[in-house]
Amino acid sequence: QVQLVESGGGLVQPGGSLRLSCAASGIIIGRYSMDWYRQAPGKQREFVARSFPWGGTNYADSVMGRFTISRDNAKMTVYLQMNSLKPEDTAVYFCNSFPTPQPNWGQGTQVTVSS
């Protein structure tokens, strides 16, 4: 059974940084593209960033130049380095595989950007 466990969230002031981690088990992430998503209160889940197996990346326009996705296939972990955080980045952050997401989403990790 695939498990995805997100961590690293917290409360940070505008302009601050956080590094999120997504630890996967039951799946060889090296074979998959892996995405980060986020869901703010009252809004739909939205795409944030993608890491392709061959090393390429893709980002939502709203985070381009501020967020960096990376992976460590040996550790079965995907990371999201978030810099220059804004209040509008406040959300629960999730990871999952692409294009076919795993059916069991993790609990996510809460990121709150506030002064």
Express in nm, to one decimal, how much length is gained between residue 68 and residue 50 on full extension, taking 0.36 nm for each residue of separation and deducting their alpha carbon distance. 5.5 nm
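Sequence gap at least 6, Cα distance under 8 Å: using those rules, report the relative contact order of the range 45-115 to the nearest whole percent.
Working: 76 pairs, mean separation 15.0, N = 71.
Relative contact order for the range 45-115 comes out at 21 percent.
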Express in whole angstrom the spacing between the alpha-carbon centres of the range 16-45 and the range 64-92. 8
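Local charge sum around residue 54 (other residues, Cβ-Cβ under 14 Å, Lys/Arg +1, Asp/Glu -1)?
Numbers: positive: 31, 50, 71; negative: none.
Neighbourhood net charge equals +3.
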The chain, dipole about Cα centre (Lys/Arg Cβ +1, Asp/Glu Cβ -1), debye to the nearest 20: 120
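Calculate, for the chain, the solvent-accessible area per residue in square angstrom, rolling a 1.4 angstrom probe over the heavy atoms of the protein chains. Mind dumping the intermediate values first?
Working: 6080 Å² over 115 residues.
Roughly 53 Å² per residue, with all protein chains present.
Can you give the Rg to Rh ratio of the range 25-115, both from alpha-carbon atoms, with Rh computed by the Kirkwood formula?
Numbers: Rg = 12.9 Å, Rh = 13.6 Å.
Ratio of gyration radius to Kirkwood radius: 0.95.
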For a quick check: with amide H placed at 1.01 Å from N, whose amide H comes under 5 Å from residue 102's, ignoring anything fewer than 5 positions away on the same chain? 97
Connecting C-alpha atoms closer than 10 Å in a GNM of the chain, tell me which of 35, 72, 89 has the biggest fluctuation. 72
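The values are calculated or read from the model by the stated rules, or taken from the named source; none is laboratory data. What you are looking at is a predicted structure, and each value in this text was computed from that prediction instead of being measured. We place every Cβ from the backbone using ideal geometry, glycine too, and count neighbours over all the protein chains shown. Heads up: the accessible areas ignore ligands, DNA and RNA and are worked out on the full protein's heavy atoms, side chains in. Shrake-Rupley method; radii C 1.70, N 1.55, O 1.52, S 1.80 Å.
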